[in-house]
Amino acid sequence: METETCIDSMDFKVQELLKEARLECSSALTKLVDDTVSAIKSAIDKIPEDLQVTADWAPGFVRDIGADKAEFQFKKPKSIEIGGSYSIGCIAKPDVNVDLLLRLPKECFHEKDYLNYRYHAKRCLYLCVIKKHLKSSSSIQKVEWSALQNEARKPVLVVYPAANLGEVPGLFIRIIPAATSLFDLSKLNMKRNNVRALNAGDDPQPTPIYNCSILEDMYLEEKSNFVKKTFSGWKELGEALILLKVWARLRSSIYVHDCLNGFLISIIVSYLVAKNKINRDMMPMGIFRATLKFIETDPLWKHGLYFPMSDQNASSKGNEQLNSSTRFNLAFRISSVAYPELQDEVALTLRCLEKCRDGGFEEIFTTKIDNAAKYDYCVRLNLKGNSEVYSLGFCLDEECWRVYEQDVHSLLNQGLTDRAKFIRVIWRNTYSDFNVENGLSALDSEPLFVGISVSSVEKAFRVVDIGPNAEKKDEALMFRKFWGEKAELRRFQDGKIAESTVWESKQGTRHLILKGIIEFLLGRHLSLSKKDIVPVVDQLDFCLLHDGKDPVSHSVKLLGTFEALSKRLRSIEDVPLKISSVQPLDSAFRFTSVFPPEPHPLANKKVDVARLHNLTPFCVQSLEVMIQLEGSGSWPMDDVLIEKTKSVFLLKIAESLQDNWGITCTVTEEDVDVFMDGYAFRLRILHERGLSLVNKEIGGDQMKRVSSADKMLFVRSQHASMINGLQFRYPIFGPVVRLAKRWLASHLFSACLAEEAAELLVAYLFLKPLPFNVPCSRITGFLRFLRLLAEHDWAFSPLVVDINGDLSQNDEKEIDDNFTQSRKAYEENPQNESKAMFLATAYDKASEAWTRCSPNPSELKRLAAYARSSASLLTKLILQNQTDSGGWECLLRTPLSLYDAVILLHGDRLPYPKRLLFTSELDQGRHVAHGNASTCFHPFLLPSDMKGSSLEQLKAKLMVNFDPLRCFVGDVEKGFSNRLKLWYDSLGGDAIGLTWERSKKREREAEETAEKYPVDLLRNIGELGEGFVRDVYLLKAPRLSS
């Protein structure tokens, strides 16, 4: 039943997608296309016959491709026919264009013009003549150059109609020359040399790519007719083609010049029809799946798609000469590098069909898999003006840009070895406003892109690469020649002596190893300077540093200290109930805290006061630890008494630690903090009724008897345990979470999304990565987090995070029912704003723990908008040629102008001033109040504090978990929560945003004028934060609603 529902849902969504994506040829569109084609034909008819055409029409182009002869007398084209997707009614929006196939006249060419780029030169010159005459047509707005599949030596004309049609904005017509029957096919054999400049010594080298470039034009019309005939009158086949185009266009790594394009996809489908692998009984999704399976596994595909097919009758003139060596490979553009990636994308798509909800529709047809989000490491090479690229000429068998792509790939593939699963090198050279007539030297302005998918984090972060044994002289010599000064002979623990390379890195910087290897290889072998190599690896690391270092580097000591404390707690004998288990709850223990605490010099048994420095913090963060005691029937039943009993136990535990090991403990009415080896641990006890939750022995009625404190402790312990396990499975998970939390706080969302919710959102990316592979770099994971936040359909879909993979079908049904119930409750009462973000886990199937009250719908809308904007900016920073740090900093600078009022704080009165990324300033709005910094609190120990103070006196001054921001926010919310909402950064920001809460006019009748009301209120708030608040600004007065 569920399978049938899934299929019905998929079919419905596919039909809706087809309605949206397929361009319906209205009468207005047909008229516009027909009129424009007629205008093109009319302009061409006006070109005088026998016009003498020389290289002067495009001197730069003819010179750069190396053509030795390029003169002819102009003749009219033999035919002008519409081809491509428009001719078969399969245009997929939003790219709306019409291909116009123009058959070049044989009279303009010599029988040997297939040699030495003569054909390419004349082809271009022919288009230059047409372009000049098209510009004079009133029906044509403009004419630009483009290139056929990024092949600069084969330009095409792009014609924009003067008339605009709202339903197809940006419509253009491509004029593509066809070379039907121009040359003897046997002369274009794949083993022949047709570029005389290409030779090895005296031996001419084959030019298969060059030959295919000409054959492509010779078979263009025949291929087009083959596709037209196949798709004629077959609705389902056309719909399948639309689906395949939508699928491919979403995947930047395969919808590119050396892999798939729309025409090739239509050829593949037609080929499968001819081979009886697709029949008329199949539905669009069946054809879609059959095509993908063919691409993934069929051996025919691995050797190319040859045309005409072996069983096809040769009918056109000249084709009687066809044999196995002159048949044309339709897939000749698909490179050996692109093909494995294409197969991988297909495999991922087929997995989506099998494993994802609703048949994987969202993952297959709506999720954008661009290079920025797909690859773990992205590198841009700025090669503008680099003459080494075309030192041997722009065009021999292949264009110099394609050769350079191959050189870069070969070099990185050899150097990265098994670290990389895929290495993709793409250089898009042709752009819309390039001028063919001036030549090809300007086609290096765009950076070359390198995308790397690592095989595993462990391999990518490997410090030592072991080369050949010392006995293998020839291999060792090649290794040293390749690596140069990085190669060294080492003896390993197993006694082996081998060549090796060592990539030294400090703790927390191993993600930079790949960057170092890439920069070294490109610098050594391609003579590129570091300024021209832009690896996107560590550009966001600055936001995770504290005082220039990554505080996670202290985590090893923290875990060691916790283990020592845990052993001592479990060994305590002088407490009525023995401690049975100790579990860490704080995110610092699971490597997901943005700023895990560093060891504090005063949180130790012995401290040399004289060695304390001036920047010793006054504040220390506590780390929560949960304790479970052995069972007993003597516990009271009242919740208040239970909490009091817990406090007594904690006091006894503190006494025991102090008496037995001399560990300093501080006690308040609510908390017990244990100071050990520089850290402060705050102890919590889970009562045995809460403990029974762990054993799953408690029913729904009994659940209500568990105190809210024990419920939250239980949930936090479950969450901590699961996330800790996930971190060990995916080492990059922690850094991605830390970036996500830093971003949320920087944009003042600290009160909107609990840190546990952020961890679950990132966990989802690792547990359900489809249609991607699991992210293996922090920036890629962070980009996917932003897109998940921005693009997930929160209103209609729960986000189920199955960390241990133990959710059954019944559990999933329960989650769906809970989600439906929550949405129904909201529809019945829109004032009920709970669970706008529904995060379900095995321990929380109703999304009660982290998102019960926040974010509410308006907060989630704001979150999604900010995430969408940041994701767009991050994508541009990864892919575009920007090298300054300002753009990256913008990702974490929140626009204060979007708030109604802004409070600026004294950054040097924050508990940890070094966590402040940027000092906030505002130059707009009305300045309402200004305050000086308080002298009562300073975040660091001053010389006056240490002078003459004993260790105990200094320890007494230490403040655990003191946060003036939290105190200030609490005071403001207590007094003004019904009038305004606060947005703040709990990780170290110095700005608080305020937005007015809407209230009814009658509630304001007692207030003074609309202008005076917010000013006085803001001044009152400023007075509340006296000594902490620097400035208060009013940007927008509240709107009174009736």
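Evaluate region 570-590: report whether one residue or more is modelled with pLDDT under 90, out of contact with any Lys or Arg (no Cβ under 6 Å at 6 or more places or on another chain), surrounded by fewer than 17 Cβ atoms within 10 Å (Cβ to Cβ) and closer than 30 Å to L942 by Cα. No: zero hits. Residues that are at pLDDT 90 or above and of a type in the set (G, A, S) within region 164-185 comprise A178, A179, S181, listed in sequence order.
Applying the criterion of being modelled with pLDDT of 90 or more and assigned to a loop (DSSP other than H, G, I, E, B) to the residues of region 277-316, the residue that is nearest to the chain's Cα centre (by Cα) is M283.
Rundown of residues vs (1) surrounded by 21 or more Cβ atoms within 10 Å (Cβ to Cβ); (2) modelled with pLDDT of 95 or more; (3) touching a helix residue (DSSP H, G or I) at 6+ places or on another chain (Cβ under 7 Å); (4) on the phi > 0 side of the Ramachandran plot, yes/no style:
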site	(1), (2), (3), (4)
P94	no, no, no, no
N97	no, no, no, no
K112	no, no, no, no
V129	no, yes, yes, no
S139	no, no, yes, no
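Taking every residue in region 275-287 that is of a type in the set (A, V, I, L, M, F, W, C) and pairing it with any residue that is assigned to a loop (DSSP other than H, G, I, E, B), at least 6 positions away or on another chain, the pairs with Cβ-Cβ distances below 9 Å are I287/I278. When region 806-851 is limited to residues that are within 22 Å of L726 (Cβ to Cβ) and without any contact (Cβ under 8 Å) to a residue 12 or more places away in the chain, the one that is surrounded by the most Cβ atoms within 10 Å (Cβ to Cβ) turns out to be E848.
Pairing each residue of region 19-33 that is in contact (Cβ under 8 Å) with a residue 24 or more places away in the chain with any residue that is small (G, A, S), provided the two are 6+ apart or on different chains, yields C-beta distances under 7 Å for A21/A92; R22/A92; C25/G89; L32/A163. Residues that are closer than 30 Å to R153 by Cα and not assigned by TED's automatic domain parsing to the domain that holds G439 number at least 1 in the following helices (runs of 4 or more DSSP H) confined to region 1-70: 27-45, 59-65. Counting only strands (runs of 3 or more DSSP E) that sit completely within region 479-551, those holding 2 or more residues that are under 19 Å from L739 (Cβ atoms) and modelled with pLDDT of 90 or more correspond to 533-536. The criterion of being of a type in the set (A, V, I, L, M, F, W, C), part of a helix (DSSP H, G or I), crowded, with 22+ Cβ neighbours inside 10 Å and not assigned by TED's automatic domain parsing to the domain that holds H546 holds for A763. Identify the single condition in (1) under 30 Å from T894 (Cβ atoms); (2) modelled with pLDDT of 90 or more; (3) not polar (S, T, N, Q) that L770 does not satisfy, given that it satisfies every other one. Condition not satisfied by L770: (1). Scanning region 430-468 for residues that are modelled with pLDDT under 95, under 25 Å from C378 (Cβ atoms) and among the aliphatic types (A, V, I, L, M) yields a count of 6.
Residue pairs whose Cβ atoms lie under 6 Å apart, sitting 6 or more positions apart in sequence or on different chains, and linking a residue in region 463-486 that is on the phi < 0 side of the Ramachandran plot and surrounded by 14 or more Cβ atoms within 10 Å (Cβ to Cβ) to a partner that is among the hydrophobic types (A, V, I, L, M, F, W, C) and part of a helix (DSSP H, G or I), are G467/F479; P468/A476; P468/F479.
Please tell me if T230 is under 20 Å from K275 (Cβ atoms), outside the structural domain of W427 (by TED's automatic domain parsing) and touching a residue at least 12 places away in the same chain (Cβ under 8 Å).
Spelling it out, T230 is indeed under 20 Å from K275 (Cβ atoms), outside the structural domain of W427 (by TED's automatic domain parsing) and touching a residue at least 12 places away in the same chain (Cβ under 8 Å).
Scanning region 382-420 for residues that are surrounded by fewer than 20 Cβ atoms within 10 Å (Cβ to Cβ), of a type in the set (A, V, I, L, M) and closer than 15 Å to E519 by Cα yields a single hit, L411.
If you go through region 624-673 and keep only what is among the polar types (S, T, N, Q) and more than 18 Å from L565 (Cα to Cα), you end up with S632, S634, T645, S647, T668. Take the residues of region 317-352 that are at pLDDT 85 or above and among the small types (G, A, S): which is surrounded by the fewest Cβ atoms within 10 Å (Cβ to Cβ)? Out of the qualifying residues, it is S336.
Condition (residue is under 25 Å from R915 (Cβ atoms) and surrounded by 21 or more Cβ atoms within 10 Å (Cβ to Cβ)) applied to region 771-778: is it met by at least one residue? Yes - at least one qualifying residue is present in region 771-778.
Would you point out the residue of region 856-870, among those that are among the hydrophobic types (A, V, I, L, M, F, W, C) and crowded, with 20+ Cβ neighbours inside 10 Å, that is nearest to the chain's Cα centre (by Cα)? It comes out as A867. Cβ separations smaller than 7 Å between residues 6+ apart or across chains give the following pairs from region 740-762 residues that are in contact (Cβ under 8 Å) with a residue 40 or more places away in the chain and among the acidic types (D, E) to residues that are part of a helix (DSSP H, G or I) and buried (at least 22 other Cβ atoms within 10 Å of the Cβ): E755/S587; E755/K741; E756/H719; E759/I723; E759/V737.
Is at least one residue of region 653-676 at pLDDT 85 or above, part of a loop (DSSP other than H, G, I, E, B), surrounded by 12 or more Cβ atoms within 10 Å (Cβ to Cβ) and β-branched (V, I, T)? Yes, because at least one residue in region 653-676 is at pLDDT 85 or above, part of a loop (DSSP other than H, G, I, E, B), surrounded by 12 or more Cβ atoms within 10 Å (Cβ to Cβ) and β-branched (V, I, T).
Here L260 fulfils each of the conditions (1) over 23 Å from L215 (Cα atoms); (2) in a loop (DSSP other than H, G, I, E, B) apart from (1).
Taking strands (runs of 3 or more DSSP E) as the structural unit, those lying wholly within region 374-472 and holding at least 1 residues that are of a type in the set (F, W, Y) correspond to 377-381, 420-426, 448-454.
The values are calculated or read from the model by the stated rules, or taken from the named source; none is laboratory data. This one's a predicted model, so the numbers in the text were calculated from it and none came from an experiment. Glycine also receives a Cβ, built like all others from the backbone with ideal geometry; neighbour counts cover every protein chain displayed.
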